[in-house]
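Below: one structure, written as structure tokens.
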Amino acid sequence: SYKSFKAIHWAMTVAQAGFPVYVVSAEGGDFERRAAAWMLHHGIAEAPALFVAERRMDLNSREGVETIRQDCLRLGIRPALFVLDTFSKLSGGLDENDNSQVKSFIGRLDNGLKRPDAFDATVLLVAHTGHSDATRARGASALEADTDAAYIVTRDSGMGLVRISRERFKSSSELPPLVYKPTIIDLNRLDDDGLPVTSIVLERTDGLLAGGAKRPRG
């Protein structure tokens, strides 16, 4: 559904504005390629204040969260945004259907990264939607109940668009959905097989799903 691409877009935007961003990317080893595509598309030559750990981590423990904290201290940064991608690969042996376990997991991120006496940062946790219900995060209800906001990313394969609904906020009313079109970016280099290296960025295309268009699922 391109949720990781949207997370990268938010991370790069915040970092380019001069605020440090710390990303834990457990989804694969192509973050550099995606970031390079974003910079090329937006005409940015200098790398922003972005720090990325491309590996799985067990954040279902104080030790795991402390690893991030110590890395930030070693780097001498105070991130304004932490991006954790994804919940399923960063939660160790946690039972995602157990409300008490998920509640404790969120609490560790809150106390260790978010709170003013920690880093006073925003924590973006990327998670999968349900198998049968794509309108909410998969697993325990505490994943949404204990967080400040929920964004549901869905893909409309027929129209080639990505829709982000913004229906639940802790301290404000809902907002209109965001609509994006995935665009392929050529990075102007070849891989080991002599093929062009490409990636994707999301371009804003508000209004294309208006007029009673079918709500995408996924």
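Things to note:
- Where a label projected 7 Å from the Cα of Lys170 along Cα→Cβ would reach, residues of region 103-131 with amide N under 15 Å: 103-125
- Amide H contacts of Leu59 (H built 1.01 Å from N, under 5 Å, at least 5 apart or other chain): Ser91, Gly92
- Karplus-derived HN-Hα couplings along region 87-103 (A = 6.51, B = -1.76, C = 1.60, θ = phi - 60°), whole Hz, x at Gly and Pro: 3, 5, 9, 10, 10, x, x, 4, 8, 5, 9, 9, 4, 5, 5, 5, 4
- Distance between the C-alpha centres of region 88-102 and region 1-74: 22 Å, rounded to the whole angstrom.
- Globularity ratio of the chain, using Cα Rg and 2.2 N^0.38 Å: 1.04
- Sequence-ordered 3J(HN,Hα) estimates for region 29-36 from the Karplus curve with 6.51, -1.76 and 1.60 and θ = phi - 60° stand at x, 10, 4, 4, 5, 5, 5, 4 Hz, glycine and proline given as x.
- Listed peptides 35-46, 7-18, 154-165, 80-91 by packing density, highest first (mean Cβ within 10 Å): 80-91, 7-18, 154-165, 35-46
- Couplings 3J(HN,Hα) for region 186-198, derived from phi with the Karplus relation 6.51 cos²θ - 1.76 cosθ + 1.60 (θ = phi - 60°), are 7, 8, 6, 8, 10, 8, 5, 9, x, 9, x, 8, 10 Hz, where x marks Gly and Pro.
- Local net charge near Lys103, Cβ-Cβ under 11 Å (Lys/Arg +1, Asp/Glu -1): -2
- Accessible area per residue in Å² at 1.4 Å probe, computed on region 31-74: 62 Å²
- Rounded percent of accessible protein surface that carbon and sulfur make up, the chain, 1.4 Å probe: 48 percent
- Placing R0 at 35 angstrom, the Cβ-Cβ distance between Ile184 and Ala17 gives a FRET efficiency of 0.85 after rounding to 0.05.
The values are calculated or read from the model by the stated rules, or taken from the named source; none is laboratory data. Here the structure is a predicted model, which means the values were calculated and not measured. Positions of Cβ are generated from backbone atoms using ideal geometry, with glycine treated the same way; all protein chains shown enter the neighbour counts. When the accessible area is computed, the model is the full protein with side chains, heavy atoms only, and any ligands, DNA or RNA have been set aside. Shrake-Rupley method; radii C 1.70, N 1.55, O 1.52, S 1.80 Å.
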